[in-house]
Amino acid sequence: MPKFFKFPSDSRSTKIHERIAAMAKRIGTWAGAALLASMSHGAALADAPAYELGPQDKIRVSVIEWFTGAGELRSPINGEYTVSPNGLISLPLVGDVKALGLEAAALATQVSEKLQAKLSLSERPTTSIEIVQFRPFFVMGDLERPGEYAYRPGITALQAVSLAGGFYRASSPTPAQAQREAAQAAGERRSLGARITELSVRRFRLEAELKNAEAIEFPQDMVTRKADPVVVAAMRLEGTIFDARRRAFTTSIAAQKKLIDLYGQEIQALKAQAESLERHRDSTKQQADNLRSLQARGLATMGREFDIDRMLADVAIRKQELDAKSLRLQQELVKAENATQEADARRRQDIAGELQTLQATLDDFEQKLLMADQTLNEAEFMPSRSQRPGFKLVRQDASGAETEIVATSATPLQPGDILIVRFSQSIRTSVAGSETGAQASSNGASLTEANAAR
């Protein structure tokens with residue numbers, strides 16, 4: 001006889017049934033929780049805003065068309081395209097299609113409709129659009145590496161900060177070191193500022209000399225700084241140098257011009273003497289001709305023609321001496337004129353050289369001033385542990401309008417967003433007995449108060 005299963009006693013059966021019922025209840029609870037979580041996730045996805053295409057988005061377009069007569073599928077368009085800055089994509093057979101502000105599904109429908117109308121198709125082709133690469137987003141503010149970064153779906157503000165190398169870390173590890181660096185940078189900055197002011201005033205003086213101006217023309221912003229003793233002293237000094245150099249150059253040029261005038265007058269006098277000698281020579285020749293005529297007719301005796309020839313020879317010698325002297329004076333005149341031009345050219349060349357050297361020195365000082373400012377800012381940036389970063393988004397819609405959004409570290413970003421991260425600005429330490437100012441933190445208290453509270 002086969003052995004049948006023997007049920008346990010009633011008490012044991014009751015306990016087993018109770019345990020089975022409890023397990024079933026727990027399983028039902030887990031299944032219900034899983035179903036609720038799935039429904040909540042689906043609702044969250046449904047509530048998420050649909051992504052709208054914009055410039056720099058890269059998409060893949062695939063079009064499938066069924067040819068009934070041939071009984072085959074064809075793909076007239078298949079490739080990757082980038083949305084242009086004006087919000088268009090250029091497709092073969094279709095042309096330019098507006099993608100700005102459209103969802104992928106809406107763009108796919110538009111491409112299908114345009115392709116059907118363009119090719120006069122009886123049936124609308126099927127178009128699928130996939131986003132291959134999103135347009136970048138940008139981060140700026142108190143970060144190690146602000147700039148442009150590739151977008152990833154679901155990225156939050158805090159994740160973007162990590163991509164940018166984290167929050168900015170000041171170079172000065174201790175307040176004492178920051179105070180020393182700030183004092184050194186402030187002293188160097190004051191010295192460089194004074195030197196740059198002096199060189200700027202000198203540059204205006206050199207430019208006035210280069211233009212042969214009668215006075216230095218300072219810009220209005222420098223004239224309004226007459227309360228600055230450095231500016232006043234530099235303007236007075238350069239004005240004195242300008243007047244002295246202008247008088248010396250004017251006197252030198254006037255002397256050269258006077259010498260040129262004297263050479264010209266002497267040349268004119270020699271020219272008048274030469275003309276007088278030419279008239280005397282002509283008169284002597286006329287006398288010689290008359291004497292020879294009288295001798296030919298026997299009316300004059302021989303012998304006087306030798307005196308006339310000697311007179312003509314003397315006149316010729318004196319004429320040659322005058323011509324030689326006039327030539328020498330003309331050479332001296334040309335030398336004087338050339339000396340005047342060379343003096344002016346040499347002066348301009350010297351001024352141009354001074355300007356070039358001065359500009360190089362100014363550029364060097366300005367670079368050093370920039371480094372001093374950077375050192376001062378880094379030395380004075382003393383972030384407090386109680387400070388919390390503030391997040392702000394600048395988002396642009398399809399029409400080009402920008403909206404500022406106050407965000408948190410968990411706020412999701414969208415392609416094209418500009419994330420601005422700022423700490424409450426630190427107080428600038430008092431350097432050399434002068435306050436450089438303090439700004440309030442985001443919660444209304446200054447950094448000094450925040451440090452005191454810490």
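The values are calculated or read from the model by the stated rules, or taken from the named source; none is laboratory data. Just so we're clear, the structure is a prediction, and the values are computed from it rather than from any experiment. Note that each Cβ is placed from the backbone with ideal geometry, even for glycine, and that neighbours are counted across all protein chains shown. Note: accessible area is taken over every heavy atom of the protein model, side chains too, but ligands, DNA and RNA are not part of it. Shrake-Rupley method; radii C 1.70, N 1.55, O 1.52, S 1.80 Å.
Of all positions in segment 165-177, at least one carries a residue that is open to solvent by less than 50 Å² (accessible area, probe 1.4 Å) and at pLDDT 85 or above. None of L107, L91, L100 is under 28 Å from G400 (Cβ atoms), under 44 Å from the mean Cα position of the chain (by Cα), in contact (Cβ under 8 Å) with a residue 60 or more places away in the chain and surrounded by 14 or more Cβ atoms within 10 Å (Cβ to Cβ) except L100. Within this structure, T127 passes the test of being surrounded by 12 or more Cβ atoms within 10 Å (Cβ to Cβ), in contact with a Ser or Thr (Cβ under 6 Å, 6 or more places away or on another chain), touching a residue at least 24 places away in the same chain (Cβ under 8 Å) and of a type in the set (S, T, Y). Among the residues of segment 115-169, those identified as in a loop (DSSP other than H, G, I, E, B), closer than 22 Å to E52 by Cβ and over 24 Å from the mean Cα position of the chain (by Cα) are F134, R135, A150, Y151, R152, P153, G154, I155.
Pick from E209, E217, E188: which is open to solvent by less than 30 Å² (accessible area, probe 1.4 Å) and either farther than 30 Å from Q331 by Cα or part of a helix (DSSP H, G or I) (or both)?
Numbers: E217 fails: open to solvent by less than 30 Å² (accessible area, probe 1.4 Å); E188 fails: open to solvent by less than 30 Å² (accessible area, probe 1.4 Å).
Residue meeting the stated conditions: E209.
When R246 is tested against the conditions (1) open to solvent by less than 60 Å² (accessible area, probe 1.4 Å); (2) part of a helix (DSSP H, G or I); (3) within 27 Å of T361 (Cα to Cα), the lone failure is (1). Residues in segment 71-88 that are open to solvent by 60 Å² or more (accessible area, probe 1.4 Å) and within 22 Å of S122 (Cα to Cα) were compared, and the one that is modelled with the highest pLDDT is N78. Is it the case, given these coordinates, that A160 is at pLDDT 90 or above and buried (at least 18 other Cβ atoms within 10 Å of the Cβ)? So A160 passes the test. The sole residue among T429, T375, T436 that is of a type outside the set (A, V, I, L, M, F, W, C), within 30 Å of the chain's Cα centre (by Cα) and modelled with pLDDT under 70 is T436.
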